[in-house]
Amino acid sequence: MQTTNTSGLQDWITQLDRRIYAVLIGATLGIIGGLVGLMLAIIGPIFTFAIVFGLVAGLYILTDISAALYAVIGITFLLPFGTFPFKVGLTPTLIDLVL
C-alpha cells in the first residue's frame, strides 16, 4: 500500500489533542485576520476585496473542474470587450493583442 504526504498530514491532524487543534485554528484565523487588516490599512478596501475574492475564487476553481470551465467560458466571452487605455488611431482590444 502506498502512502502519500497528505495521508501522513491527515493522520497527524486527526491524532492531535483538541486543545492543540483549537489553538492552531485560532492562530491561523488570527494571522489571516491580521493580514487582511494590514492590507486594508496599506492598499485600501477595494484592492483588498479584489485580492481576497481572487484567492477564494482561485481556490474554488482549483477544486471544481466545472467552475474552471465556466470561468474560461466567461473570460472567452468577455475578452473582445476589453480595451487598452490608449488610442493609436483606434482603441485596440485585448483580442487584437492575441491575434
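The values are calculated or read from the model by the stated rules, or taken from the named source; none is laboratory data. Small disclaimer: the values here were computed from a predicted structure and weren't measured. FYI the Cβ positions are ideal-geometry reconstructions off the backbone, even for glycines, and counts take in every protein chain you see.
If a residue must be within 28 Å of Ala71 (Cβ to Cβ) and either touching a Leu at 6+ places or on another chain (Cβ under 9 Å) or surrounded by 10 or more Cβ atoms within 10 Å (Cβ to Cβ) (or both), how many such residues does region 2-44 contain?
Selection size over region 2-44: 10.
Could you list, ordered by first residue, the pairs with Cβ atoms under 9 Å in which the first is in region 62-75 and surrounded by 11 or more Cβ atoms within 10 Å (Cβ to Cβ) and the second is at pLDDT 90 or above and of a type outside the set (A, V, I, L, M, F, W, C), at least 6 apart or interchain?
Every condition considered, the pairs that remain are Ala67/Tyr60.
Within region 81-91, is there a residue that is surrounded by 10 or more Cβ atoms within 10 Å (Cβ to Cβ) and part of a helix (DSSP H, G or I)?
no
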